[in-house]
1. Please average, across the residues of A:154-164, the number of beta carbons from any other chain that are within 10 Å of each residue's own beta carbon, and give a whole number.
2. What number in nm² do you get for region A:1-90 if you take the convex hull of its Cα atoms and divide its surface by four?
3. Under 14 Å from the Cβ of residue A:69, count the other residues' Cβ atoms, weight Lys and Arg +1, Asp and Glu -1, and hand me the total.
4. In whole Å and largest first, what semi-axes does the C-alpha gyration tensor of region B:198-269 yield when each eigenvalue is scaled by 5 and square-rooted?
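What follows draws every value from the coordinates through simple rules; no lab data is involved. Quantities reported herein were computed from a predicted structural model and do not represent experimental measurements. Methodologically, a virtual Cβ is constructed for each residue, glycine included, from the backbone with ideal geometry; neighbour enumeration extends over all protein chains shown.
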Amino acid sequence: MEADELLMLVAGGDHRAFERLYVLVSGPVFGLVRRVVRDTAQAEEVSQEVLLELWRSAPRFDPGRGSALSWVLTLAHRRAVDRVRSARAAGEREQREALRSGGTPFDQVSEEVEAGLEREWVRRCLGRLTALQRQSVTLAYYDGYTYREVAERLSLPLGTVKTRMRDGLTRLRECLGGAA
Amino acid sequence: MSLLGRLLRREDPHSLAAPYALDALEPAERVRFERHLARCERCAAEVRALTEDAVRLAWSAAAAPPAALRERVLAAVRATPQEQPAREHTPQLPPHVWGGQPPPRRNRAPRPRPLLVPFATTTAAAALVVASLFAVQADHTQDRLNAERDRSREIAHVLAAPDARSATGHDDRGRSIGVIASVSEGRAVVTLRGYGALPNGRVHQLWLMRPGAQPRSLGLFGRDTPLVAAGLDRSATSLAVTVEPDGGSPRPTSQPVVQLALESVGFGE
């Protein structure tokens, strides 16, 4: 059964459907959160919050607004980003120094996660973006920086960063379209 | 110029679609953009598409979570009621005929979704039981915990029974009733969550429903404290909760606020 169908059952309070949905989404949720927060213990904590939230708010899921998977991964991403930003705010001074000393390579943690076909395609497609498109997208998505922070890190005007993000995602879509 | 226009006058709000899809807006900006999104179909369509792209980046990071996460999540889920859908505010339960008839098996209202969705485990899963009790007790003051000490032995007795099984049901307002019951003990531990405090002079009363018999009182709930119901025989088909005057009533005087079928925990023969 697909995630969308399962989520509809979960919305009706079906615990067994939730267990099956867990099998489908827990890996992507946990992997994404860990990639953003870069700490396994914190990633577990945030993932648990996200998966419980999935259960709690399933009755509010509106299939007209997107797929179940993008709904839960969007939720997971937002929680992970909130977590990493508050951690950064706590260590803001260190962060300012890190900003001055230069950027982090975009794929710093990618070697610690398992290889997979989807990952290979995404990696290949990211490689086809321009450097600025790639950095704009990955600094925001995998590292949790706001577009203002990305602009600061890359010494680019805000408008340019917004455009690079949009172009980057659009090119990614075109490239991944051939892999689906 | 509208307030939104003034707030966003420095930039075309459409240009925020990609940063929004990447969660790269600051909180205040996010709120402003979502307000705009609600009225801009073009933006909503673009955000949908860009979000799907961003999700491809998420998939590529997938990694196997620790096995312990599953148990923790499932235990938490069993102790957590769901939210109600935002769009509807229908009465929480269909009309119910009291008296000699067992409660209807199926919801009579013309809604596809059942109001009460029982779930049972076949074994007494200690983690789940502890989690649900902890969730209940965490709300309590120390005094209340002390007051519960006597009863905790009784509760432990039910939980320790080899045939102890659990079920929960919730209504469409996210409130729930939980039961851990043992046929061999003839006892059940029943919890209510989300029903809040009643006005002075009113109390939640628990009833046992059996075919061809009047509802039998199983006791009164003290706020959200678990109630231990004794003397259940196999013919028990369901539990029901009503709001009654202080001290309880010999017979229910109002419609049930929630019911739970006992079939999935081994009763109802």
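1. Shielding by partners across A:154-164 averages 2.
2. Working: hull surface 22.5 nm².
Here the figure is 5.6 nm², rounded to one decimal.
3. Numbers: positive: A:20, A:65, B:48, B:56; negative: A:2, A:4, A:5, A:118, B:52, B:53.
Surrounding charge for residue A:69 is -2.
4. Values: eigenvalues 95, 32, 20 Å².
In descending order the semi-axes read 22, 13, 10 Å.
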